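Colleague: Before I ask anything, let me first share the structure, which is written out below as structure tokens.
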2 protein chains.
Amino acid sequence: MTYTPPTTEQLFVLDHIARIDAMAAHDKFAAATPDMVEAIVNGIGEFAAEVYAPLNRVGDVQNPKWEDGKVTMPPGFKEAYQAFVDAGWGSIDAPEAYGGQGLPFTLATVIIEALGTADMGFTLCNILTPGAIHALMAYGTEEQRQTWLPNLVSGAWNGTMNLTEPAAGSDVGALRSTAEKVTEGEHAGLYRIKGQKIFITFGEHDLTDNIVHLVLARTPGAPEGTRGISLFLVPKYRLDADGKPAHSNGVRCASIEHKLGIHGSPTAVMIYGEDEDCLGEIVGAEMGGMRAMFVMMNAARLLVGCQGVQIAERATQQAQRFAAERVQSALVGGIDRSPVTIDQHPDVRRMLWRMRAQTEAARALTYYAAAQTDFGKLGDEAAAMRAEILIPLVKAHATDIGCEVASLGIQVHGGMGFIEETGAAQHYRDARIAPIYEGTNGIQAADLVGRKLGMAGGDLVRGLIDDIAHGAADFPELQQLADACRAVTDWMVGAITGDRLAGSYPYLTMLATATCGWLMALQHQAAKAALDEGSGDRAFLEAKIASTRFYLGQIVPAATGLAPSALAGDAALAPLPRLA
Amino acid sequence: MTYTPPTTEQLFVLDHIARIDAMAAHDKFAAATPDMVEAIVNGIGEFAAEVYAPLNRVGDVQNPKWEDGKVTMPPGFKEAYQAFVDAGWGSIDAPEAYGGQGLPFTLATVIIEALGTADMGFTLCNILTPGAIHALMAYGTEEQRQTWLPNLVSGAWNGTMNLTEPAAGSDVGALRSTAEKVTEGEHAGLYRIKGQKIFITFGEHDLTDNIVHLVLARTPGAPEGTRGISLFLVPKYRLDADGKPAHSNGVRCASIEHKLGIHGSPTAVMIYGEDEDCLGEIVGAEMGGMRAMFVMMNAARLLVGCQGVQIAERATQQAQRFAAERVQSALVGGIDRSPVTIDQHPDVRRMLWRMRAQTEAARALTYYAAAQTDFGKLGDEAAAMRAEILIPLVKAHATDIGCEVASLGIQVHGGMGFIEETGAAQHYRDARIAPIYEGTNGIQAADLVGRKLGMAGGDLVRGLIDDIAHGAADFPELQQLADACRAVTDWMVGAITGDRLAGSYPYLTMLATATCGWLMALQHQAAKAALDEGSGDRAFLEAKIASTRFYLGQIVPAATGLAPSALAGDAALAPLPRLA
């Protein structure tokens, strides 16, 4: 279960897909010099492999323990998390004024990727904090930022997102938690929070001395639905005059869940303001909660997509190593009858290349999306809009890839893959959450054909397809998929809501695969050029040629086959019969 | 977690796809009258739902316990198994002379399906026994049959298959267990068995008072590889003169595995003849082991394919029930803003119809294959040959469907799907073994493009495609897939081994989907005809119209998109680079 940070690959994608050099040409990101980028990628890779990776199985087997409202993390977690904080790997994209380094979000994504490849469950603690930071940056007051950001940025405190309630999952607007403004006394201006939230990732643990909950709740008289929701910052402990956690705040963890995977991540049921006053500060305006939440969600959705990359990379490495060592059967049709390592058998090679190609595609898509948000911050409006289109693609498609690759990883191991001690099964279990949380993949597909496709009458999506088609000149399968995407897009733009939604998932898969195909084609050409001029790591570049060719030749055409499904319309989906 | 036996569906498929009526027209299967078939299907459905289904979660949570070589099943299992034996549900397809009922194997498959839908892990005990029966029927002596069959047929004793050793998984020929003939004394003629076998399903347990192990081993001086392998019957306890288990036989269970799923099924490491003599009877001729094993494997492969149906049915029912009750969000684009059950949202309906359509397709494929083996027994040589082609399709494709449907089942549940107590996660874990054991799905694909495609120069496969194309007259998507299958088949027949193997898996998926598409088209027509004449269960028939239309319109065209992958050839799969 060794794990080697894929640094050559990461740097290659940062270079050719994220265009980190173009970011560094701007003053704002001037610190992202090639040396700095390399130092970060190598440094976090090493840290993750040494400090986080050994905990992956520990967390899976020795789950966090809940007792009397407190959650104790398994042995080694507290020390590893502290090492992360001490090493300064916390949100490097935060402004320097609050302890960050003002570096691109793309690089912060690479840090999360490295940690999560080493230990996906544990790294969830690091994934939600950036969302809280982004929300405070966008909507917090200067006082709130000064109070909360430095410890969130360093990771000394973690942030959580509290949306879900038992009857309010995908339908956030149905939530019932309340927030009532305190009008007098020392807490005047704060809000009394009351309610129950479920599925709160790292809602309680012993890694940090405070936890900053971002909680959606309703103020009295607020309208039904998402319009009536406000966002509150609710600390586990309120701070004293020196800004130290000091006062218990009526926040209680009622239990943690028994889950299929990511056992290293405690998923909490949180109770606010039940026996004791629970006070929160409003973030942004009353009833401006959803807008603020979207800021958190965009970062979180991209980073959950990144979890697909993480688990896919880890599963691929494990399968590739196993297949390079496991000896079984001679090559069929060969003259030599001695058994060979199974990575020489064609169908095992097919599985391994599929795993690699899908992983690389998901990574390229993730970095590309992260980069567009960075270019957006540099004033490139088109990039910012492109990022809006990409977020649902990254969240849904990269997490689907994570599941597929983890499942193939088991298959490569044969019978050993089904034995828990091998570790392949953990990836399969861990991977399965990512298509669910931060908006199910179905919600992402609805976001794509609803909000996103509707922008500029479909022209933002068409612009993406134009870019793909332009890059497909030498790749007929990609050209064909781009054409199919265009045809479905035109149909979708004119279709009624029910028809759009009925085809939303296959459409998302087509568009995401086309985008990945384009990014893989760009890498194919870059690898070829580097090989031609004799620069770079030859073995890496040759593998990149093979994986991109596999993706374009075998994965892209299958996506074209989804067009009939995308176009089938609501009438193809009868009401479901009731079961006895 | 209720489970309703899908008896209307099973009877419909037995009728229109398995053509059970045509079997009953022959003397041999005259007992399979419509009344008898209905009694069996309804009876086993009721038994499974009442007796096996409540144990599904028990087995998952309270795993079988190994202690000092003995395995104790969780509470309730022994009683349930005894009830199965007492009710006479054991191998009904065995000859009456040995306690069977001489009914079609197809009906025995339905019995296994019903039990396995209720509890997939537990039912493994019932899946391997038929293999042992088939091997004894084909190669056992009359004395062996009389001695062993009655208790295997009733289920009083269970059978196991012992192929795998640590260095001999897919490569069965690499096995090292030995068998040396006893030449004198009271055991003359028997063989002393020595060796270690792994991954032995129900190799040890407390359900029965004896266990009949079928063990592959090598006689002294036997050639390397599969040619040198013989098959032995090795009882846990040797029998006394009255045929009662009496003498300990040097068979020891060294441990059981800690697995991802099917926790209700103990997977044993078995040691033969270590501290004590272990005696076995040869089944068939020395070095005729693989031939005999293939008989066991064909039955087992079909029944493992059936596990795909089982888990898919169970997961679909659970998801459909959840979605019919869970209220979340108003319909997008509708005027009414009240939240609805999620099975009304288009993308959830898409998932549920996909689950149903795939489940029904896998069931039709399984019954069709089982029926061809029955028609083969009735002297229809073409049916017997058709079954040979179908076995790898059933084993691989139905188990792939099981995994896909179980995964969709989690997704339909949203966050609740990831919580173990919900039960959806168990299906996802259980399902994952089926593509691995009884010959990995990759081995099935190799069998298809190797042994099976080679029969009659490819004409057996072409004959299947002709039938599909003939049935596709009204279904253009199926016609297109049949054409693609034909083109790939022609290419495969002329291709070198490496190229065939490189495309074997996508080719298998195409051919299996085309076969399923054909069987779904037949059902579509049958349902339409029944609706037109006003016979049958209207709600069922309308759902059948919807599911078959979904399959033909949305799943079939996606399989056509796999053709480039099937045709890519070995050159598209470079050697894998070694990882650091």
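The values are calculated or read from the model by the stated rules, or taken from the named source; none is laboratory data. Nothing here was measured: the structure is a model prediction, and the numbers come from that model. Here Cβ is always computed from backbone atoms with ideal geometry, including for glycine, and neighbour counts include all displayed protein chains. Only protein heavy atoms, including side chains, enter the accessible area calculation; ligands, DNA and RNA are left aside. Shrake-Rupley method; radii C 1.70, N 1.55, O 1.52, S 1.80 Å.
Colleague: Tell me which strands (runs of 3 or more DSSP E) are completely within the range A:143-222 and hold 2 or more residues being farther than 20 Å from A:E257 by Cβ, or say none if there are none.
Modeller: Because the criterion is at least 2 residues that are farther than 20 Å from A:E257 by Cβ, the strands (runs of 3 or more DSSP E) in the range A:143-222 that meet it are A:178-181, A:191-201, A:211-218.
Colleague: Among the residues of the range A:408-447, what is the count of those that are within 7 Å of chain B (Cβ to nearest Cβ), within 22 Å of the chain's Cα centre (by Cα) and closer than 23 Å to B:Y505 by Cα?
Modeller: Residues flagged as within 7 Å of chain B (Cβ to nearest Cβ), within 22 Å of the chain's Cα centre (by Cα) and closer than 23 Å to B:Y505 by Cα within the range A:408-447 amount to 2.
Colleague: For the range B:165-208, which positions are under 17 Å from A:I419 (Cα atoms) and basic (K, R)?
Modeller: Selection gives B:K197 alone.
Colleague: Considering only residues that are exposed (fewer than 15 other Cβ atoms within 10 Å of the Cβ) and outside any helix (DSSP H, G or I), which ones fall in the range B:525-549?
Modeller: Hits for the range B:525-549 are B:E533, B:G534, B:S535, B:D537.
Colleague: Out of the residues in the range A:510-555 that are of a type in the set (V, I, T) and at the interface with chain B (Cβ under 10 Å from one of its Cβ atoms), state the one that is farthest from A:Q480 (Cα to Cα).
Modeller: So the residue we want is A:I545.
Colleague: Looking only at the range B:41-56, which residues are farther than 10 Å from B:A118 by Cα and buried (at least 17 other Cβ atoms within 10 Å of the Cβ)?
Modeller: Hits for the range B:41-56 are B:V41, B:G43, B:I44.
Colleague: Here's a follow-up. Would you be able to tell me the number of residues in the range A:483-502 that are surrounded by fewer than 17 Cβ atoms within 10 Å (Cβ to Cβ) and either of a type in the set (A, V, I, L, M, F, W, C) or in contact with a Leu (Cβ under 7 Å, 6 or more places away or on another chain) (or both)?
Modeller: Matching residues across the range A:483-502 total 3.
Colleague: If the requirement is being at pLDDT 95 or above, touching a Gly at 6+ places or on another chain (Cβ under 8 Å) and open to solvent by 20 Å² or more (accessible area, probe 1.4 Å), which of these qualifies: A:Q318, A:Q307?
Modeller: Criteria check complete, one pass: A:Q318.
Colleague: Applying the selection to the range A:321-330, what residues are outside any helix (DSSP H, G or I) and open to solvent by less than 20 Å² (accessible area, probe 1.4 Å)?
Modeller: Passing the criteria: A:Q328, A:A330.
Colleague: Continuing with the same structure: Here is a check on your reading of the model: is A:K259 assigned by TED's automatic domain parsing to the domain that holds A:I193, open to solvent by 10 Å² or more (accessible area, probe 1.4 Å) and closer than 21 Å to A:P150 by Cα?
Modeller: No.
Colleague: Considering only the range B:332-360, state which residues are in a helix (DSSP H, G or I) and free of Cβ contacts under 8 Å to residues at least 40 places away in the same chain.
Modeller: Across the range B:332-360, the qualifying residues are B:D343, B:Q344, B:P346, B:D347, B:R349, B:R350.
Colleague: Assess whether A:A132 counts as being in contact with a helix residue (DSSP H, G or I) (Cβ under 8 Å, 6 or more places away or on another chain), aliphatic (A, V, I, L, M) and assigned to a loop (DSSP other than H, G, I, E, B).
Modeller: No, not satisfied.
Here is a yes/no grid of residues against (1) under 21 Å from the mean Cα position of the chain (by Cα); (2) open to solvent by 10 Å² or more (accessible area, probe 1.4 Å):
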| residue | (1), (2) |
| --- | --- |
| A:A83 | no, yes |
| A:L128 | yes, yes |
| A:N151 | no, yes |
| A:G173 | no, no |
| A:S177 | no, no |
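Colleague: When you scan the range A:18-40, how many residues do you find that are of a type in the set (A, V, I, L, M) and surrounded by fewer than 22 Cβ atoms within 10 Å (Cβ to Cβ)?
Modeller: Within the range A:18-40, residues that are of a type in the set (A, V, I, L, M) and surrounded by fewer than 22 Cβ atoms within 10 Å (Cβ to Cβ) number 7.
Colleague: Would you be able to say whether some residue in the range A:228-239 is surrounded by fewer than 18 Cβ atoms within 10 Å (Cβ to Cβ), part of a strand (DSSP E or B) and in contact with a His (Cβ under 9 Å, 6 or more places away or on another chain)?
Modeller: yes
Colleague: If you don't mind, there's one more thing I want to ask. Which pairs turn up if I take residues in the range B:465-477 that are in the same structural domain as B:Q554 (by TED's automatic domain parsing) and look for partners that are assigned to a helix (DSSP H, G or I) and among the polar types (S, T, N, Q) with beta carbon separation below 7 Å, at least 6 apart in sequence or on another chain?
Modeller: Hits for this filter: B:I465/B:T489; B:I468/B:T515; B:A469/B:Q479; B:A472/B:Q479.
Colleague: Going through A:T33, A:T72, A:T2 one at a time, which residue ends up being outside the structural domain of A:Q146 (by TED's automatic domain parsing) and more than 20 Å from A:V304 (Cβ to Cβ)?
Modeller: Testing whether each residue is outside the structural domain of A:Q146 (by TED's automatic domain parsing) and more than 20 Å from A:V304 (Cβ to Cβ) leaves just A:T2.
Colleague: Go through the residues of the range B:367-388 one by one and say whether even a single one is touching a His at 6+ places or on another chain (Cβ under 8 Å), hydrophobic (A, V, I, L, M, F, W, C), assigned to a helix (DSSP H, G or I) and modelled with pLDDT of 95 or more.
Modeller: No.
Colleague: Please go through (1) within 14 Å of chain B (Cβ to nearest Cβ); (2) in contact with a Pro (Cβ under 9 Å, 6 or more places away or on another chain); (3) within 25 Å of A:K194 (Cα to Cα); (4) not β-branched (V, I, T) for A:M287 and return the number of the only condition it doesn't satisfy.
Modeller: Exception for A:M287: condition (1).
Colleague: Can you say whether A:E165 is open to solvent by 20 Å² or more (accessible area, probe 1.4 Å) and over 17 Å from the mean Cα position of the chain (by Cα), as far as the supplied structure shows?
Modeller: Answer is no for this residue.
Colleague: Would you check which residues across the range B:449-482 are within 14 Å of chain A (Cβ to nearest Cβ), closer than 17 Å to B:Y507 by Cβ and open to solvent by 60 Å² or more (accessible area, probe 1.4 Å) and list them?
Modeller: Those that are within 14 Å of chain A (Cβ to nearest Cβ), closer than 17 Å to B:Y507 by Cβ and open to solvent by 60 Å² or more (accessible area, probe 1.4 Å): B:R451, B:Q480.
Colleague: Among the residues of the range A:556-573, how many are aliphatic (A, V, I, L, M), within 8 Å of chain B (Cβ to nearest Cβ) and open to solvent by less than 20 Å² (accessible area, probe 1.4 Å)?
Modeller: 3
Colleague: Return a yes/no flag: does the range A:272-281 have any residue that is under 27 Å from the mean Cα position of the chain (by Cα) and either within 14 Å of chain B (Cβ to nearest Cβ) or open to solvent by 10 Å² or more (accessible area, probe 1.4 Å) (or both).
Modeller: no
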